[in-house]
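The values are calculated or read from the model by the stated rules, or taken from the named source; none is laboratory data. Remember, predicted model here, so these are calculated numbers, not experimental data. Here the Cβ is made from the backbone with ideal geometry for all residues, glycine too, and neighbour counts use every protein chain on show.
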Amino acid sequence: MPLLRPLLALIFAAALAGCGFHLRGAGSGNLPYQTMYISLPETAEVNIWLQRYIRSSGSTRIVDDAAAADAIFQQLTNSRQKSILSVNALGRVREYRLQLSYTFRVVNRQGQVLVAPNEVTLTRDVTYDDSNILAKNQEEELLWRDMTNDLVNQIMRRLSVIKPKNPDREDEE
């Protein structure tokens, strides 16, 4: 009986390792760059989340100087829109649509494009009720925060999957 528990634990661990299971974020954000500079204000929410995800991936170091970076992340556009989705019979708003559009690219020190501009667009629908204005405003803020988190997840996936161009080979062709 004492040997049965360690044997079962070993079989369970081997089964988990064999199926490709890994914790979310572990090994999924390996970027093909040694160092990266994020060209965003320090207080920008996207910058804070990007740095957190890149540091947790472990393979890429964030630097404070663009001249010392192998890759420079640049934001091209960042827009938030809130539009009316539906109204009730009295003409009052019943639903809003929140839309976040973000475009980015990655360049090297010389300004040559490593990753062409990529656009990420996220939408969420939120109901509205005049009698719960404060609660609905908090729900909207939570949705914006969730969208930003989802945006950074998509950026990290794209950066880790997209093979960067070699600008030197592009010049030769």
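Applying the selection to region 65-89, what residues are in contact (Cβ under 8 Å) with a residue 12 or more places away in the chain, under 26 Å from Asp125 (Cβ atoms) and surrounded by 12 or more Cβ atoms within 10 Å (Cβ to Cβ)?
Result: Gln75, Asn78, Arg80, Lys82, Leu85.
Consider Gln110 carefully, then state whether it is over 18 Å from Leu50 (Cα atoms), modelled with pLDDT of 95 or more and not hydrophobic (A, V, I, L, M, F, W, C).
In short, no.
Given the conditions (1) within 26 Å of the chain's Cα centre (by Cα); (2) hydrophobic (A, V, I, L, M, F, W, C); (3) at pLDDT below 95, which single one is not true for Leu98?
(3)
Name the single residue that is modelled with the highest pLDDT among those in region 145-169 being assigned to a loop (DSSP other than H, G, I, E, B) and basic (Lys, Arg).
Lys163
For region 29-78, which positions are in a loop (DSSP other than H, G, I, E, B), modelled with pLDDT of 90 or more and either touching a helix residue (DSSP H, G or I) at 6+ places or on another chain (Cβ under 6 Å) or of a type in the set (A, V, I, L, M) (or both)?
The answer is Leu40, Ala44, Val63, Ala69.
Tell me, which residue of region 113-124 that is over 19 Å from Ile48 (Cβ atoms) and in contact with a helix residue (DSSP H, G or I) (Cβ under 9 Å, 6 or more places away or on another chain) is surrounded by the fewest Cβ atoms within 10 Å (Cβ to Cβ)?
So the residue we want is Thr123.
Just the residues that are among the basic types (Lys, Arg), over 9 Å from the mean Cα position of the chain (by Cα) and over 17 Å from Asn78 (Cβ atoms), please, taken from region 131-169.
Within region 131-169, Lys136, Lys163, Lys165, Arg169 meet the criteria.
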